[in-house]
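Here is the structure we will look at, set down as structure tokens.
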Amino acid sequence: MTSPETTSPEPASPRTTSPKTTSPELTAPENVRRVACVGAGVIGGGWVAHFLARGYDVTAWDPAPDAGRKLRRLVDAAWPALTSLGLAEGASADRLTVTDTLEQAVAEAEFVQESAPEKLDLKRDLLARLDSATPPGVVIASSTSGYPMTDMQTTAADPSRLVVGHPFNPPYLIPLVEVVGGERTDATAVAWAARFYEVAGKSVITMDNEVPGFIANRLQEALWREALHMVASGEATVRDIDLSITEGPGLRWAVMGPMLTFALAGGEGGMAHMLDHFGPSLKSPWTRLEAPELDKELYDAVVAGCDEAADGRSIADLVTERDRGVIEVLRATGRLDREEDSR
């Protein structure tokens, strides 16, 4: 999720991405065999695990001196969950190569996924380096949580192949990827990236317009800010807030989104009746959308609340529980069966 420090300033209106279609010949998404992942932290490492599980050869690079060791540990930790989901034919963690340089990582790549920290200048410089080092025509996608590609592609020699491919954590379990180009992105690159992610087992939303934070993060951020307000004002504890979602609307949202869920609240009249009946409540003071000051008191309250909720469990224990739970939700809602039928 995007933090207040990394959210890009919001423009007056969404940007419409360029309709240009001048990209050189591309490898068909179905024929891609080698993927490069640049940035191997939690998100980048999650991408590595996902691509390995889907049967790709993966080259990875990260500037941290111990990045290779941490990356292999992350892949090993994710592998039981991925095995439970079902590995593609030929999938193996041994198909990972960690390189010494960025240039080595992308030299033979047929697709590049960038997952560097959320710093705009860093993203700009890294994408320009990737554009310079990656073979011509190969699509380069950024995992950015909220920056528009228009703001990140400013120094690249060939911005036409740069797209956003925004995942959700952990990328090896959560299906969603939001795809959108910038003002100088070729429409063919956007379409190619969307199709590639589908082939790689992802659920794709292709956006026509750039909006900071994209879709899901903007919705998630609104809930997050309201939660912080409630903790700050003493209206609810961290445990109350988490329980209200996991035991309430979260169970419905796992099956259908908030819009369709609300439509069902209208009974046979659907969304129209729901809006007629509940529309006036939109004027009620049920939410605050401005972010609160993240001062020490609020910071400490949130951290302490999370420690209390963990109840002695380590991060590794919580990751295992989360992974197991997501898999069971996917199975319970039949989404795994649909994925298997489509292969």
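For a bin width of 5 Å, list the pair-distance distribution of segment 118-253 built from all Cα-Cα distances, rounded to whole %.
Binned Cα distances yield the sequence 2, 10, 17, 18, 17, 12, 8, 7, 5, 3, 0, 0.
Sorting check: for 216-229, 136-149, which peptide has the highest mean count of neighbouring beta carbons within 10 Å, and how do the rest follow?
Working: 216-229: 17.0, 136-149: 23.9.
Output ranking for 216-229, 136-149: 136-149, 216-229.
Among 122-130, 316-324, 96-104, what's the highest-first ranking by average C-beta atoms within 10 angstrom per residue? Could the numbers behind the result be given before it?
Numbers: 122-130: 19.4, 316-324: 13.6, 96-104: 15.7.
Ranked by mean Cβ neighbours within 10 Å, highest first: 122-130, 96-104, 316-324.
Just to confirm my numbers, what's the Cα centroid distance between segment 173-225 and segment 124-155 in Å?
15
Near the amide H of Phe111, under 5 Å away, which other amide H atoms are found, from residues 5 or more places off or on another chain, if H is placed in the peptide plane?
Ala36
Stretched out fully, how many nm does the piece from Ala310 to Ile215 gain, at 0.36 nm a residue minus the Cα gap? Kindly include the intermediate steps, with their values, before the conclusion.
Numbers: separation 95, 0.36 × 95 = 34.20 nm, distance 2.93 nm.
Computed gain between Ala310 and Ile215 is 31.3 nm.
Give me Rg/Rg_expected for segment 24-206, where Rg uses Cα atoms only and Rg_expected = 2.2 N^0.38 Å with N residues.
Numbers: Rg = 14.7 Å, N = 183, 2.2 N^0.38 = 15.9 Å.
In units of the globular-protein estimate, segment 24-206 measures up at 0.92.
Kindly rank 238-249, 177-188 from highest to lowest mean number of other beta carbons found within 10 Å of each residue.
Numbers: 238-249: 13.8, 177-188: 22.8.
Descending mean neighbour count gives 177-188, 238-249.
Throughout, read-outs are computed from the coordinates displayed, never taken from laboratory work. Just so it is clear, the model here is predicted, and its values are computed rather than measured. Neighbour counts run over all protein chains shown; Cβ positions are idealised from the backbone, glycine included.
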